[in-house]
Structures are given as C-alpha cells and as structure tokens.
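One structure is given here, and the rest of the page talks about it.
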Amino acid sequence: QVQLVESGGGLVQAGGSLRLSCAASGSIFRINGMGWYRQAPGKQRELVAYITSGTSTNYADSVKGRFTISRDNAKNTVDLQMNSLKPEDTAVYYCNVNLRPTSWSTPREYWGRGTQVTVSS
C-alpha cells in the first residue's frame, strides 16, 4: 500500500509565495521520479515540474525562474517552492510519484488527491 500526502496549498495574493510538500509512504523499494502537475477549471492537466532519482529537473516554461522543485530521497518527499505567484497559477496541484513497491515489481504511478492553490489579483 502506497500513500501520497500533500500539503501547503492555500490562498495567496499575486507576488506571494507558497511551498507545496508531498510525502510518499508505504511499500517503497525505489522512487524513480517525483513531480507536480496542475489542472485549472476547464483546462487540461499539465506538468509543472518533475525531478528524477538522478536529480535531473524539468519545468514548464510558464514557471521557469519562479518555481523550484526538490526532493529528499531519505524521507521520500518532494517539495515545490513557488515564488512570484500569478493569478494564472491558480489550479489544483497534484503530486505524482513513479516507483517500484518491491525489487521484483514493475514501476507504478501514484497520484495524490490534489491541493488547491488560489492566487488573487
């Protein structure tokens, strides 16, 4: 059983900052990658930031220079520091983890329930 627990969402004014956290727990042999996605009302879910086990990162063009993703392999957590927030960043943010529950299992993906981020103008 694998669980993802997200925290840090909320309401913030434009130009402000928020820090999202996601903790994975349960049966975990190896985490291949962790990331954050978001979905605004009426729009498709999109990648915000992703980080691999080798610490290689990938960001959406719209958040480069403003958001920073990081992970703690020992604690199985991934954080997203969001600075200079804009109203267009408003969305539900979802944590995504690709991992092997055991050494003999194939990689599997897990999703958090999502946390609301609202940026007011």
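The values are calculated or read from the model by the stated rules, or taken from the named source; none is laboratory data. What you are looking at is a predicted structure, and each value in this text was computed from that prediction instead of being measured. Heads up, the Cβs are rebuilt from the backbone with ideal geometry, glycines too, and the neighbour counts pull from every protein chain shown. To get the accessible areas, we keep the full protein, side chains included, count just its heavy atoms, and leave off ligands, DNA and RNA. Shrake-Rupley method; radii C 1.70, N 1.55, O 1.52, S 1.80 Å.
Residues in segment 25-39 that are in a strand (DSSP E or B) and open to solvent by 10 Å² or more (accessible area, probe 1.4 Å): S25, G26, R30, I31, N32, Y37, R38, Q39. Against the conditions (1) closer than 24 Å to G42 by Cα; (2) touching a Leu at 6+ places or on another chain (Cβ under 8 Å); (3) open to solvent by 60 Å² or more (accessible area, probe 1.4 Å), Q116 satisfies every one except (2).
Taken over segment 71-113, the criterion of being crowded, with 17+ Cβ neighbours inside 10 Å and of a type in the set (V, I, T) is satisfied by T77, V78, T90, V92, V97. The listed residues are G16, G42, and the only one of them that is open to solvent by 30 Å² or more (accessible area, probe 1.4 Å) and either in a loop (DSSP other than H, G, I, E, B) or acidic (D, E) (or both) turns out to be G42.
Under 6 Å between Cβ atoms, at least 6 apart or on separate chains: pull out the pairs that start in segment 107-121 with a residue that is under 25 Å from A14 (Cβ atoms) and end on any residue that is open to solvent by 100 Å² or more (accessible area, probe 1.4 Å). Close Cβ pairs (under 6 Å, with a partner that is open to solvent by 100 Å² or more (accessible area, probe 1.4 Å)) amount to T118/L11; S120/Q13. Look at (1) farther than 15 Å from D79 by Cβ; (2) crowded, with 17+ Cβ neighbours inside 10 Å; (3) touching an Asp or Glu at 6+ places or on another chain (Cβ under 8 Å) and you find that C22 fails only one, number (1).
Here segment 54-64 is the region considered, the condition is being open to solvent by 40 Å² or more (accessible area, probe 1.4 Å) and in a loop (DSSP other than H, G, I, E, B), and the residue that is nearest to S120 (Cα to Cα) is S62.
Looking only at residues of segment 1-13 that are over 12 Å from the mean Cα position of the chain (by Cα) and open to solvent by 50 Å² or more (accessible area, probe 1.4 Å), we find that the one that is farthest from V117 (Cα to Cα) is Q1. Of all residues in segment 16-32, those that are under 24 Å from T90 (Cα atoms) have Cβ atoms under 6 Å from Cβ atoms of residues that are assigned to a strand (DSSP E or B) and open to solvent by 40 Å² or more (accessible area, probe 1.4 Å), 6 or more apart or on another chain, in R19/Q81; S21/S7; A23/V5.
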